[in-house]
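In what follows, a structure is listed as structure tokens, so that the remarks can point back to it.
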Amino acid sequence: MSDSKIIVALDYPTMAAAISLAKQVDPNRCKLKLGKELFTRSGPQVVEQLTAMGFDIFLDLKYHDIPSTVAKACRAAADLGVWMMNVHTLGGPAMMTAARDALANDTQRPLLIGVTLLTSMDEQTFQHIGLTGTISETVLRLADMAEQSGLDGVVCSAQEATTLRAQHGQQFQLVTPGIRPAHSDTGDQHRTMTPPEAIDAGSSYLVIGRPITAAQNPMQALEAIETSLA
Ligand code: C5P
């Protein structure tokens, strides 16, 4: 297993494209995140192939369903050999605890991470669906609930990392997307942080997609990020 803090987001529609990128980076120097599009098109086979190439896989399927269904989905993901997986904290404590229990007997247990509120949710949508309080209060409350339910950490913005790190201690995993190396294109991300800023803020793992995957030389882009963190 690599000890890299960099998780490369493989947001590709096909297994061929995902494997092609994976061949250009070193499994000892990064981990890979697979999401709903790639998994829905390519299925467990893509996880198996990338695992066989030596990569640690974060299966980003954000499970949210009744507790027994989520528990069985988490069990299936663990059986695939993934390193990290996630569930929606809005599924509540019973769902999260069931997920955690489904993994409890594994000797090499995958990390189980909670998604709090999606960053695509704005105040207007938040109110419209009937949630009360503010978005930031809700994120903190859901992160507390995740920890109390036995989850290993949460996905959060690097902006939230300082507060969450202070409240949850060093063992709680903070997985942060929205990372942009200095001078790189922010694209559709808004409140970005550079890799060193995010680590300083308390991030455990940095999810980085296009700054690596769209680079002419992905391994060079990865190395430049490593250098900035050294
Ligand atoms: O290419 P980029 O670095 O923007 O990719 C970021 C990855 O992190 C994408 O897979 C995106 O879906 C994911 N993500 C995010 N913001 C969140 C949660 C996940 O950008 N709040």
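The numbers here are math on the coordinates, done by the rules we state, and not lab data. Since this is a predicted model, take the numbers as computed values, not measurements. Here Cβ is always computed from backbone atoms with ideal geometry, including for glycine, and neighbour counts include all displayed protein chains.
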Problem set entry | Under 25 Å from Lys62, Cα to Cα: lysines that are on another chain or at least 8 residues apart | Lys5, Lys31, Lys33, Lys36, Lys72
Exercise. Which ³J(HN,Hα) values in Hz, rounded to whole numbers, follow from the phi angles of region 147-154 under the Karplus curve 6.51 cos²θ - 1.76 cosθ + 1.60, where θ = phi - 60° and Gly and Pro get x?
Worked result: 5, 5, 8, x, 6, 8, x, 9
Exercise. What number, rounded to the nearest 500 deg cm²/dmol, is the helix-based mean residue ellipticity at 222 nm of the chain, given -39500 (n - 2.57) per DSSP H run of at least four residues and division by all its residues?
Worked result: -12500 deg cm²/dmol
Problem set entry | Global geometry of the chain, whether rounded, prolate or oblate, following the gyration tensor of its Cα atoms and the 1.5 cut on a/c | oblate
Problem set entry | Placed amide H near Leu61: partners under 5 Å, 5+ positions off or other chain | Asn86
For this session: With label points built 7 Å along Cα→Cβ from the Cα atoms of Ile135 and Glu223, find their separation and express it in nm.
Result: 3.9 nm
Exercise. What are the residues whose amide H is under 5 Å from the amide H of Phe55, where those residues sit 5 or more places off or on another chain and H is modelled from the backbone?
Worked result: none
For this session: Step through the residues of region 161-173 one at a time and calculate ³J(HN,Hα) from phi using the Karplus curve (6.51 cos²θ - 1.76 cosθ + 1.60, θ = phi - 60°), rounding each to whole Hz and writing x for Gly and Pro.
Result: 5, 4, 5, 5, 4, 5, 7, 10, x, 6, 7, 6, 7
Problem set entry | Nearby aspartates and glutamates by direct alpha-carbon distance to Lys23 (threshold 17 angstrom, same-chain neighbours under 8 apart not counted) | Asp11, Glu48, Asp56, Glu223
Problem set entry | Ratio Rg/Rh [Cα only; Rh per Kirkwood] for region 23-152 | 1.01
Problem set entry | Other-chain or far-sequence residues with amide H under 5 Å of Phe172's (modelled H) | none
Problem set entry | Karplus-derived 3J(HN,Hα), 6.51/-1.76/1.60, for each residue of region 19-24, Hz, glycine and proline x | 5, 4, 5, 4, 5, 8
For this session: State which stretch of the chain is the longest one without any exposed trypsin sites (Lys or Arg not before Pro), exposure meaning a DSSP loop state and at most 16 other Cβ atoms within 10 Å.
Result: 30-190
For this session: Starting from the Cα of Ala76, step 7 Å along the direction of its Cβ; do the same at Arg191; then give the gap between the two resulting points in nm.
Result: 3.5 nm
